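The values are calculated or read from the model by the stated rules, or taken from the named source; none is laboratory data. The structure presented is a predicted model; accordingly, all values stated were derived computationally and were not measured. Here the Cβ positions follow ideal geometry from the backbone for every residue, glycine too, while neighbour counts run over all protein chains shown. SASA here: full protein model, heavy atoms, side chains in, ligands and nucleic acids out. Shrake-Rupley method; radii C 1.70, N 1.55, O 1.52, S 1.80 Å.
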Amino acid sequence: MDYIERDMGKLINELKREYACILITGPRQVGKTTLLDHVDNQRGFVTLDDLQGRHLAKTDPELFLQLHPTPLTIAEVQYAPVLFSYLKIAIDKGIAPGSYFLTGSQSFKLMRLAQESLAGRIAILNLGSLSQHEIYGQGDLEPFVVDLERLQHRASKQTTTDLLGVFRRIWEGGMPALVSGKFANRDVYYSGYLQTYLSRDVKEEIDLKDGMRFLDFLRAAACRVGQELNLHSIALDVEVSDDTAKRWLSMLEKSEVIYFLHPYSNNLLKRVVKAPKLYFFDTGLIAYLTRHSTPDILMNGLLNGAILENYIVSEIRKSYLNLGKEPYLYYYRDKDRKEIDLILEADGLLHPIEIKKSANPTLSMVKNFDVLRKSSVPVGQGAIICLKDRLTALDRDTLVVPVWAL
């Protein structure tokens with residue numbers, strides 16, 4: 001079973017020469033600890049999933065750090081928030097760069113702790129499941145941009161595939177334990193993943209009396225990927241209150257099982273909707289939750305377009321996060337039902353993007369791009385990301401990007 005090279009590894013190698021502490025956040029089982037061990041395997045390791053270690057870290061953090069000398073990796077550090085104050089003391093005393101690697105699966109909590117205690121002293125990175133580039137590509141990663149020359153270079157480093165191949169990639173997802181072949185039975189793996197998530201993360205944060213109802217809530221959310229969030233609708237599906245649904249959805253976001261794409265607006269664009277769109281961190285998990293048992297069934301199912309959109313948005317997002325960059329991604333919809341699936345803001349320009357489950361895109365699909373010209377930010381080239389077999393263009397303003405080239 002070979003290690004799958006992570007795009008973030010090069011960045012961590014650079015940062016460990018500059019920062020005494022590096023924090024990697026991300027969902028459970030996406031390979032945070034494995035990545036750090038691959039970057040530097042000559043260091044101590046302790047996980048706060050271990051209850052004894054967690055108790056000591058919470059009750060006597062000074063002794064905990066004395067028992068575990070640097071260089072040290074501490075996994076699931078969110079379980080002992082008090083450690084951050086003691087790490088600050090150690091860093092201020094001048095410990096060496098690369099002394100502490102931290103990982104955790106609750107990014108909001110960890111980023112708040114890090115910013116309160118270690119502002120300016122810590123490098124914070126976010127790792128997701130394996131990207132298409134990491135699984136099927138080669139060469140150094142570049143962030144996705146709507147630029148013909150850079151997209152041609154990007155496509156030359158990727159592995160082409162057909163329609164079924166795209167949906168096989170979506171169905172398989174990017175969980176390292178499955179992609180690497182460590183586990184062959186995906187149903188057993190995802191079932192165990194959810195049980196671990198419930199027993200560790202969820203019960204740690206909320207008073208959960210009914211685990212099965214929470215799983216039903218998770219499935220209901222998975223059926224709404226790529227849609228504007230309607231909290232009341234999800235609550236009705238699983239017969240819980242709106243307040244409970246809000247609390248559970250917040251838990252999913254905190255632990256990075258889901259994320260939101262917020263609408264683009266500025267003071268020159270009127271009548272824009274306010275609700276965010278909902279996405280999951282891994283499309284393999286969506287396929288499991290929505291009971292698509294094969295790539296063929298997913299490809300022909302009612303949710304195929306929405307899950308395809310989730311995959312594309314996630315791949316673009318990972319291309320930035322894996323380089324330590326912030327992705328400025330939005331969507332557009334106004335009260336007149338004019339929509340743009342995705343807007344990428346980069347280098348002072350807005351790049352409108354449509355996502356289509358089609359191999360034959362037309363200019364009629366981008367008719368709403370013009371609404372952005374009312375914005376105060378200049379509009380650059382747009383694109384249609386679709387199931388076309390090659391990179392091409394409809395005109396000078398509209399590139400056509402195959403999904404496999406992301």
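Structure data summary
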item: Per residue accessible area of the chain, 1.4 Å probe, in Å²; result: 45
item: Area of Tyr136 that stays accessible when all protein chains are in place (1.4 Å probe, Å², to 10); result: 60
item: Distance between the range 228-289 and the range 37-72 - C-alpha centres, whole angstrom; result: 35
item: Rounded accessible area of Val166 (nearest 10 Å², 1.4 Å probe); result: 10
item: Rounded, prolate or oblate (a/c below 1.5 giving rounded, otherwise prolate when a/b exceeds b/c) for the range 121-275 by Cα gyration tensor; result: oblate
item: Between 0 and 90°, nearest 10: helix 163-172 axis offset from the chain longest Cα axis; result: 20
item: In Hz, Karplus ³J(HN,Hα) per residue of the range 7-13 (6.51, -1.76, 1.60; θ = phi - 60°; x = Gly, Pro); result: 4, 6, x, 4, 5, 4, 4
item: Relative contact order of the chain, pairs being alpha-carbon contacts under 8 Å that are 6 or more residues apart, as %; result: 17
item: Inter-label distance for Ser293 and Leu198, nm, one decimal - labels placed 7 Å from Cα along Cα-to-Cβ; result: 2.1
item: Per-residue [θ]222 nm for the chain (sum of -39500 (n - 2.57) over DSSP H runs n ≥ 4, rounded to 500); result: -11000 deg cm²/dmol
item: Residues whose placed amide H lies under 5 Å from that of Val379, excluding near-sequence neighbours; result: Leu350
item: Whole-percent carbon and sulfur share, accessible surface of the chain, 1.4 Å; result: 48
item: Estimated distance in nm for a label pair at Thr392 and Glu142, the labels positioned 7 Å out from Cα along Cα-to-Cβ; result: 2.3
item: Alpha-carbon centroid distance for the pair the range 127-187 / the range 350-387, whole angstrom; result: 23
item: Cα shape, the range 23-68, gyration tensor, a/c 1.5 rule; result: oblate
item: Placed amide H near Ala346: partners under 5 Å, 5+ positions off or other chain; result: His351
item: FRET efficiency for Ser156 and Lys374, using Cβ-Cβ distance with R0 set to 35 Å, rounded to 0.05; result: 0.45
item: Tensor-based shape of the range 130-207 (alpha-carbon gyration tensor, a/c under 1.5 rounded, otherwise prolate or oblate); result: prolate
item: Label point at Leu163 placed 7 Å out along Cα→Cβ; residues across the range 337-360 whose backbone nitrogen lies under 16 Å; result: 356-360
